[in-house]
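What follows is one structure encoded as structure tokens, with my remarks underneath.
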Amino acid sequence: MSIDVSQFHQVFFEESFEGLDAMEMGLLGMQEGAADSDDSETINTIFRAAHSIKGGAGTFGFNQVSAFTHGLETLLDQMRNGERDVSQQAINSLLRAVDVLREMLTAVQQGVAIDEDSATAVSLEIEALLQSGTPAMADLETTEPAPTQAAGWQIHFKPHPHLLQTGNDPVRMLQELAGLGDLSVTLDNSALPAFSDLEPEDCYLAWTLTLRGDITREQINEIFEWVEGDCDLSISPLEPEQSAEVETEEPRTEDITEPPAPEAVINPAAEPKKALSETAMSSIRVGIDKVDSLINLVGELVITQSMLSQLGENFEVSRMQQLIDGLEQLERNTRELQEGIMRIRMLPISFAFNRFPRLVHDLSAKMGKQVELKLSGEQTELDKTVMEKIGDPLVHLVRNSLDHGLETPETRLANGKSETGLLHLNAYHQGGTIVIEISDDGAGLNEEKILSKAIERGLVASDDNLAPDKIHELIFMPGFSTADVVSDVSGRGVGMDVVRKNIHSLGGSVEVSSRAGAGSTFTIRLPLTLAIMDGQTIQVGDQRYIIPLISIIESVEIKPGTVKHVTGKGEVYSLRDEYLPIIRLYELFNLTPRSEKLEDGLLVVVEFEDRKVGLLVDELLAQQQVVIKSLESNYRKVTGMAGATILGDGTVALILDISGLLALYRNPSLVRTLKTIRAA
Amino acid sequence: MIELSQTNEILDMFDVMGRVEAGMQQFLTFELNQEHYGVEILRVQEIKGWDPVTPIPNTPVHLCGVLNLRGAIVPIVDLRLFFGMPYQPYTKTTVVVVLRVHDVTQRTVGIVVDAVSDAHNVHPDEIQPAPDFGEQVSTEFITGITRMDDNMVMLLDVDKLLNSEQIG
């Protein structure tokens, strides 16, 4: 019977990626040469991660992955046993190996060809380390640099007396060995007691086995795998002068560049690369306490439901109060259940922060800067979808801080600061939003440079007298970069505007504050979740729409005389000292309003990317939390609509997307003519 | 013509019968402007009466809007308008056939038809290719033509008909 193992692939990949993250964190945390207890625990963690990846990859037949991990494991095993010093060189190689493994696993997961060049390069590097190895312990027998395919093996196998009780049978093992090659067996029965003293359940025998043939050490190990602790075992290669006997715990130095089994090699020509967007179905791990609390909540809901249905069976007006109480309880249950479900999607932000130690480690080395990275608030939770989308903007901001913000050690010393710059990532909850701060104690934004650049690009007039805040804001303008030298880190001028755009698309905002010479702080505010939002229901004609509450600044009644006309067509509303364009929603949506007179409607002032406009609606209805449903899952993206939601009466209401509405407003050709055909 | 309440029963019965007659293809037929059309029955998710939908601004005229189908937002296409036939007000017998469409992903789309007629077993030999009208009439959505109870029935390719580009 064969089991379809592909169903476990997803779990394997998830665990492996987690393992790789753990390895990376451990490696970065390791100090060169230090072998104190802390570090050995770290090495153990790294080793275990590598070991399980290798095991899993082998099980699922990802032979390239397991072959590659094998060398890694050997190196780590030597470090773990203290046979090898932990050198910076080794750590760097291991980090590169982690990268390669991650690429390999991603390739396997997506079913594309593995990039063998980088894998081979790194595995050669590791092999070189293994070969050049200067084992720390002098008394240790030298590792066997010879390839595994020795002429054969000499095995001394002396089971402990209780071996038979563990269900293992030496006979089977000898048979297995005989299956591998030419086996000759010498029995050592010297330990056999007199018949009267013989315990029938004990094993008194020992064997010396000579196995000839093209056999790897692995194959032999596999056979003895289950009895490792229950016997005295030594395996040594069969060579003219059989000098050193090698213990089982001995680091193994098989030929790791040995080509993997051909069936695992995916032919790159035959299989064109699949689009990366085709990502595998993702899953999340949920703490059992969260699930338990959900079960409790559902239990309460069931009780409330049965109470209400009992009440409904013989209802009288006198029991009205009971009904009201019951409905209140139902509302509370529902809300708690909703919150509980949302919590399942919440993950600590450490998932997003964890990549930064590595990034900072690599970049600061490259740029010759000394940087201390401080992470705080890692346990702050936010929605998984938000987390996935905030990763890239965060990387960008961190790179920027490293590149532009923090100075070189010399400059820092000259400015009376410590050599090591501080980069601080912080996260915390504030109201219904999560705040992420990226601050550094570097030079701060160079206002003069920004201003001159902005004038040069024609973004501001040279005689504009801008407040410092406004100058800082300029860095979010498209095509803006003040880096003197375009490096591969930053300075290409695509940057902060994209960061801001991405964060806006998540319904969040980003701000910068800076003090010359003291550093700068970027503050990102994001909604906790994308699945639910606060909305304002509005009425336009016979339709109801939802405006995201976060975009609404205020709602005003239009008084006569406050509306001005621009070139006879455009209308602007003068709100205090500002003029806001008026967008008549019914025109954009081809609806018949209750009244076309501005005074009869209401103006909802909304903001998008610092621009304010007024949306003319017929009426404001309730404010409520709405569950966002995608229009794309069954239909397509619609300009001006962020999605849809289901109202209390079961009908669908569309959620407005302010940026899309502005696009419709600016480009009237997108607005289709009235559907007169159905008016009949 | 049969009442709507019976159609879902027919669907259920048909499911059982359909398995018996191997080698047969099964189609749900419906009427549209006195013409008869058929869709593969395995693509039919459910048949329901007309309920008001939420129109989506700035979409083609044949897209009636979207409907809440047990929590899913499903677009509803008026097949008369889609085929360029005259508009007809929706009545009691107006029926929405909810279909499963295999596009890039699997999607659910509802079509508005005049009335559902029946479910039929058709042997593949009884299906003739769609006639070529040249440029005049587009037949790309029609997989074939067959005869049922003295009526000509055009068999529709749901995936070609209702992919996201087509319904716009």
Divide the volume of the convex hull of the Cα atoms of the stretch A:149-248 by its number of residues and quote the answer in cubic angstrom per residue. 97 Å³
Using a 1.4 Å probe over the heavy atoms of the protein chains, calculate the carbon and sulfur portion of the accessible area of the stretch A:321-449 as a whole percent. 50 percent
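If the chain between A:Thr592 and A:Val286 were fully stretched, how many nm would it gain, using 0.36 nm times the residue separation less the Cα-Cα distance?
Numbers: separation 306, 0.36 × 306 = 110.16 nm, distance 4.90 nm.
Full extension from A:Thr592 to A:Val286 adds 105.3 nm.
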So the label point goes 7 Å from the Cα of A:Leu459 along Cα→C-beta, right? Which residues of the stretch A:511-552 then have their backbone N under 19 Å from it? A:511-516, A:520-524
Please work out the average accessible area per residue across the stretch A:539-671, using the 1.4 Å probe convention, and give it in Å². 49 Å²
At R0 = 22 Å the Cβ-Cβ FRET efficiency linking A:Glu554 and A:Thr523, nearest 0.05, sits at 0.40
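Given R₀ = 25 Å, what would the calculated FRET efficiency be for A:Ala151 paired with A:Ser52, taking r from the Cβ atoms and rounding to 0.05?
On the way: r = 34 Å, r/R0 = 1.34.
Using R0 = 25 Å, I get an efficiency of 0.15.
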The summed charge of the A:Met307 Cβ neighbourhood (under 15 Å; Lys/Arg +1, Asp/Glu -1) stands at -3
Provide a whole-number value for the mean count of partner chain Cβ atoms within 10 Å of the Cβ atoms in peptide A:537-544. 1
Going by accessible area, probe 1.4 Å, with all protein chains left in place, what is the ranking of A:Arg319, B:Arg147, largest first? B:Arg147, A:Arg319
Hey, for a label at A:Glu201 modelled as a point 7 Å past Cα toward Cβ, could you say which residues of the stretch A:150-178 have their backbone N under 18 Å away? A:160-170
Projected-area mean, the stretch A:532-679, by convex hull of Cα positions, square nanometres: 9.7 nm²
Approximate spin-label separation A:Glu578-A:Asp325, in nm, with each point projected 7 Å along Cα-to-Cβ: 5.0 nm
Once label points are set 7 Å from the Cα along Cα→Cβ at both A:Leu124 and A:Ile341, what is their separation, rounded to one decimal in nm? 5.6 nm
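Which net charge results for the neighbourhood of A:Ser418, defined as the other residues with beta-carbon distances under 15 angstrom from its beta-carbon, given Lys and Arg at +1 and Asp and Glu at -1?
Around A:Ser418, the charge tally is -2.
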Under 18 Å from the 7 Å Cα→Cβ point of A:Thr639, by amide nitrogen: which residues of the stretch A:563-607? A:583-591
If each of B:Met85 and A:Ile295 carries a label point 7 Å out from its Cα toward its Cβ, how far apart are those two points in nm? 5.5 nm
When Cβ neighbours within 10 Å are restricted to other protein chains, what is their mean count per residue of peptide B:75-86? 1
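For the interface of A with B, what's the total buried accessible surface in square angstrom, probe 1.4 angstrom, rounded to the nearest hundred?
The A and B chains share an interface burying roughly 2400 Å².
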Considering only DSSP states other than H, G, I, E and B, which trypsin sites (Lys or Arg not before Pro) in the stretch A:569-614 qualify as loop sites with at most 12 other Cβ atoms within 10 Å? A:Lys569, A:Arg576, A:Lys597
Whole-angstrom gap from the stretch A:570-601 to the stretch A:67-88, using each part's C-alpha centre: 71 Å
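If you take the Cα atoms of the stretch A:288-344, find Rg, then find the Kirkwood Rh from the mean of 1/r over all pairs, what is Rg/Rh?
Here the Rg-to-Rh quotient is 1.10.
Residues of the stretch A:149-248: accessible area per residue at 1.4 Å, in Å²?
That works out to 58 Å² for each residue.
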Work out the mean other chain Cβ neighbour count within 10 Å for the residues of B:57-70 and drop it here as an integer. 6
Protection-proxy order for peptides A:511-523, A:618-630, each taking the mean of Cβ atoms within 10 Å per residue, highest first: A:511-523, A:618-630
Extension length gain for A:Leu192 and A:Ala414 (0.36 nm per residue less Cα distance), in nm, is 71.8 nm
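Multiplying the sequence separation of A:Phe608 and A:Asp649 by 0.36 nm and subtracting their Cα-Cα distance, what value in nm do you get?
11.7 nm
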Shape category assigned to the stretch A:348-527 from the gyration tensor of Cα positions, a/c cut at 1.5: oblate
Everything considered on the Cα gyration tensor (a ≥ b ≥ c; rounded for a/c under 1.5, else prolate if a/b is larger than b/c, else oblate), the stretch B:50-168 must be described as prolate
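The values are calculated or read from the model by the stated rules, or taken from the named source; none is laboratory data. This is a predicted model, so every value here is computed, not measured. FYI the Cβ positions are ideal-geometry reconstructions off the backbone, even for glycines, and counts take in every protein chain you see. The area values use the complete protein model at the heavy-atom level, side chains included, leaving out ligands, DNA and RNA. Shrake-Rupley method; radii C 1.70, N 1.55, O 1.52, S 1.80 Å.
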